[in-house]
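Here is the structure we will look at.
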Amino acid sequence: MSNIVTQRFIKCHNKLREDNRVRSSRQFALSLEYLPQSLSEILKGRRDVTIELLRKAVALYKINPVYIYTGEGPMFMSEEDHKSFRVLTIVTNAQDDERIVHVPVPAQAGYASEMSDPTFIQDLPTFSLPDYKYKVGTHRSFDVAGDSMEPTLFEGDKVVCSYLEPTLWETSIKDNYVYVVVTRGDVVVKRVTNNIKENKTLDLHSDNEFYKSYTVPLSDVREIWYVRAKVSPFLPSPQNLNRYMRDEIQELRKTIMNQSKLIENLQTKIEAL
């Protein structure tokens with residue numbers, strides 16, 4: 001019995017035949033540079049569709065990957081959706097299990113570039129994690145650069161993220177959650193405010209108050225990754241913990257002093273009245 005993804009792929013194939021967009025299963029296979037005999041095995045439920053075959057079918061026939069993997073939405077993308085669609089390159093091992101691709105800081109400019117290609121992705125380091133949630137879907141990890149997300153994330157931390165399909169951005173991006181946003185010129189880790197429905201934009205916020213929030217138009221966004229975990233090479237030393245405690249206590253003292261002054265002023269005004 002074939003898996004659910006293969007069953008949906010077969011439905012898309014049958015729909016293409018019904019609509020006369022392909023003359024035969026053989027022509028469908030050859031157009032995807034796939035052996036007709038192997039496609040016949042898939043259509044008979046004797047083997048499952050491969051990731052590479054799905055990628056080619058999405059690119060050539062506009063099969064909707066959201067439908068393929070979730071069962072939601074139409075079988076095929078509209079012309080507008082397809083123009084903005086970017087085929088995501090993945091890396092698998094010998095058992096066809098997907099690996100997590102890591103994008104270090106020196107590679108992030110190239111990753112965001114329009115010139116990035118499958119060979120570029122395949123040359124990046126990859127790894128796997130034992131947790132089952134990282135076995136489902138596509139995941140990437142990115143180096144954190146700079147101090148804009150302190151104290152949540154520090155430079156040198158790595159964030160492990162799950163891919164967010166573009167057709168789900170409007171409904172799935174949650175305000176104030178942390179995402180990796182890949183634009184046409186940069187890779188940034190920010191908290192996001194979702195304004196897609198209102199004006200086709202995203203507001204990006206830093207946890208470090210020194211940095212101002214800014215807005216990016218949706219047309220500049222190429223990928224969005226939901227941050228699920230972080231890997232940090234740093235453990236706070238006792239000295240750092242003491243320093244953090246002193247800073248917090250100092251801030252608390254300032255707040256208490258300000259509140260005391262406000263209360264004194266209020267008492268003075270009440271007595272005057």
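Computed values, structure above
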item	result
Cross-link table LYS62/LYS200; LYS62/LYS197; LYS11/LYS56; LYS135/LYS212; LYS15/LYS200; LYS15/LYS135, entries beyond 26 Å C-alpha to C-alpha	LYS135/LYS212; LYS15/LYS200; LYS15/LYS135
Kirkwood hydrodynamic radius of segment 175-221, from inverse mean 1/r over distinct Cα pairs, in Å	10.8 Å
Whole-Å semi-axes of segment 100-231's equivalent ellipsoid (Cα gyration tensor)	22, 17, 16
Globularity ratio of segment 1-57, using Cα Rg and 2.2 N^0.38 Å	1.01
Theoretical gain in end-to-end length, MET75 to SER128 [0.36 nm per residue, Cα-Cα removed]	16.0 nm
Theoretical FRET efficiency, 1/(1+(r/R0)^6), r = Cβ-Cβ of GLN250 and PHE210, R0 22 Å, to 0.05	0.75
At R0 = 22 Å, FRET efficiency that the Cβ-Cβ distance of SER40 and ALA94 yields, to 0.05	0.30
Where labels lie 7 Å past Cα in the beta-carbon direction, separation of LYS11 and GLU198 in nm	3.6 nm
SER232, SER206 arranged by Cβ crowding within 10 Å, fewest neighbours leading	SER232, SER206
Quotient of Cα Rg and 2.2 N^0.38 Å for the chain, N being how many residues it contains	1.35
Relative contact order computed over segment 1-73 (Cα-Cα under 8 Å; 6+ residues apart), in percent	37 percent
Inter-label distance, nm, simple model (7 Å from Cα along the C-beta direction), SER162/ASP19	2.9 nm
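Each reported figure results from applying straightforward, stated rules to the coordinates on display, with no laboratory input. Being a predicted model, the structure only gives us computed values, none of them experimental. Every residue, glycine among them, receives a Cβ derived from its backbone with ideal geometry; neighbour counts consider all protein chains shown.
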